[in-house]
Amino acid sequence: MDRIKRVAVISNLADRLRKEGSWCGETHVQKAGYFLQALLDVPLGFDFVMYKHGPFSFDLRDELTSLRADGLLELQARTPYGPSYVTTELGKEIQGMFPRTLAEYENKLEFVADRLGRLTVLELEKLATALFVTLDRERHDGTEEGRAGELHRLKKHISELGALEAVRRLDRMVEELPA
């Protein structure tokens, strides 16, 4: 996907997350972007690595900074947690230039925003790490327990029970994937 279309998708994702009640800070955009790309095959073109709070893309962080510099997204201060991404009028104009691209990914954008929009940062970390572990088949035996064990190994602050709940939540999400 070329950059300008990716801008439309990312800003639309931020709009949808906010509509669903998301704080829409960087963590929310990072994890939602990861789900779009890794689970739903939206070709955003970002590399994600396991980082402090789960899958993270330095490329996406750079893109968000560029979107702010280009006047397409802005940060809105919100206490007590920190800033939220908000699409500017120029960003909305960019979205309007790519109705077919947004229509192509409509169901996937809506699915991610609906499933992730109201989650806390910790819930996002658990769920995104469950996806990361699940997709890395060399790290586990494929069972719920094996994936949860690997999640707990990577993220010691997540209990074994919390890891198992995250894996099960992910599996329910996968069963509900849009066509």
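The values are calculated or read from the model by the stated rules, or taken from the named source; none is laboratory data. Just so it is clear, the structure is predicted and the values come from calculations on it, not from any experiment. Here Cβ is always computed from backbone atoms with ideal geometry, including for glycine, and neighbour counts include all displayed protein chains. Accessible surface areas use protein heavy atoms only, side chains included; no ligands, DNA or RNA. Shrake-Rupley method; radii C 1.70, N 1.55, O 1.52, S 1.80 Å.
In segment 144-154, is there at least one residue being closer than 20 Å to Gln37 by Cβ, charged (D, E, K, R) and open to solvent by 60 Å² or more (accessible area, probe 1.4 Å)? Spell out how you get there, then give the answer.
Going residue by residue through segment 144-154, those that are closer than 20 Å to Gln37 by Cβ are 147, 151, 154.
Those left that are additionally charged (D, E, K, R): 147.
Restricting the remaining residues to those that are open to solvent by 60 Å² or more (accessible area, probe 1.4 Å) gives none.
No: zero hits.
Just one of Glu125, Glu138 is among the acidic types (Asp, Glu), out of contact with any Leu (no Cβ under 8 Å at 6 or more places or on another chain), assigned to a helix (DSSP H, G or I) and open to solvent by 50 Å² or more (accessible area, probe 1.4 Å); which is it?
Values: Glu125 fails: open to solvent by 50 Å² or more (accessible area, probe 1.4 Å).
Only one candidate qualifies: Glu138.
Just for segment 13-36: of the residues that are out of contact with any strand residue (DSSP E or B) (no Cβ under 9 Å at 6 or more places or on another chain) and open to solvent by 40 Å² or more (accessible area, probe 1.4 Å), which one is modelled with the highest pLDDT?
Going through the qualifying residues, I end up with Lys19.
Filter segment 46-79 for residues that are aliphatic (A, V, I, L, M), farther than 25 Å from Val133 by Cα, free of Cβ contacts under 8 Å to residues at least 24 places away in the same chain and outside any loop (DSSP other than H, G, I, E, B) and give the result.
Of everything in segment 46-79, those that are aliphatic (A, V, I, L, M), farther than 25 Å from Val133 by Cα, free of Cβ contacts under 8 Å to residues at least 24 places away in the same chain and outside any loop (DSSP other than H, G, I, E, B) turn out to be Ala69, Leu75.
Where the second residue is β-branched (Val, Ile, Thr) and the first is in contact (Cβ under 8 Å) with a residue 40 or more places away in the chain and lies in segment 29-45, which pairs have Cβ atoms under 6 Å and are six or more apart or on separate chains?
Ala32/Val112; Phe35/Val112; Leu36/Val42; Leu36/Val112
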